[in-house]
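The values are calculated or read from the model by the stated rules, or taken from the named source; none is laboratory data. None of these values were measured; they are calculated from a predicted model. Please note: Cβ atoms are built from the backbone with ideal geometry, for glycine as well, and neighbour counts cover all protein chains shown. Areas reflect the complete protein model, heavy atoms only, side chains present, ligands, DNA and RNA absent. Shrake-Rupley method; radii C 1.70, N 1.55, O 1.52, S 1.80 Å.
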Amino acid sequence: KMMGYSTEELYSMESMKTLHPDDRIKAKEILIKRQSGDTSTLHEVFRLKTKTGEIRECETSSTVIEYNGRLASFFTSKDITESKHIQEALARSERRFRELTELLPQAIYELDRNNVPTFMNKTGREMFKLNQKETSGKKAYEFFSPEDTDRMRQALIQEAQKITIVNGEVQAQPVRPMEYTAHRTCLLYTSRRG
């Protein structure tokens, strides 16, 4: 069904013909491993050519089984074409987002679950005097005045509690903007996370 062939058509074809020409070398390497006695489970990504010439990208596992008293290779293939396209689109979107945030005049940052910044845009790095790749490993509230630390820590805890997962996607409820005094620059900073 994935390939668009009938069972009879597939059985009458040389199996290599279903592979993208550039992936046939990998398949031959697996064959050589099997012939030399390698019985381990092998994992590869292969591009398969459908009857209409469409290319389907597949995660493929090969294991050795006994079939009619002889050793045989047993292959399973999972079509990952669509998920690969989605991943590539997300990566492009992420790159565009990062490029856009670098141009914004306000500090933009992302925090991990421990409230440590994993990303900070140029304005934020300049505000907190960090170099281009550094986010310092400090927790978010350590960038602000000690008088604001407890208040910010509590706000981050409350924000985390307002996050829900709907259909596998993170959904954050809007939070009330709060002002904190930046520790290293003594500027007022308005947090609009969420």
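Given only helices, namely DSSP H runs of n ≥ 4 each adding -39500 (n - 2.57), what is the per-residue ellipticity at 222 nm of the chain, to the nearest 500 deg cm²/dmol? If you can, show how the numbers build up before the last one.
Details: 5 runs with 62 residues, N = 194.
Helix-only estimate at 222 nm: -10000 deg cm²/dmol.
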*Extension gain from Ala182 to Glu66, taking 0.36 nm per residue of separation minus the Cα-Cα distance*: 35.0 nm
_Straight-line reach from Lys122: which lysines fall under 27 Å, measuring Cα to Cα and dropping same-chain residues less than 8 apart?_
Lys133, Lys138, Lys139
*Decide, for the chain, between rounded, prolate and oblate: order the square roots of the alpha carbon gyration tensor eigenvalues as a ≥ b ≥ c, take rounded if a/c falls under 1.5, and otherwise choose prolate if a/b is larger than b/c, else oblate.*
prolate
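Of the cross-linked pairs Lys33/Lys84; Lys1/Lys28; Lys1/Lys33; Lys26/Lys78, which ones have a Cα-Cα span greater than 22 Å in the structure shown? Don't skip to the end; give the middle numbers.
Numbers: Lys33/Lys84 28 Å; Lys1/Lys28 25 Å; Lys1/Lys33 29 Å; Lys26/Lys78 17 Å.
Correct reply: Lys33/Lys84; Lys1/Lys28; Lys1/Lys33.
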*When the dipole is taken about the Cα centre of the chain, and only Lys, Arg (+1) and Asp, Glu (-1) are charged at their Cβ, what size is it in debye, to the nearest 20?*
260
_Give me the percent of accessible area attributable to carbon and sulfur for the stretch 27-135, probe 1.4 angstrom._
52
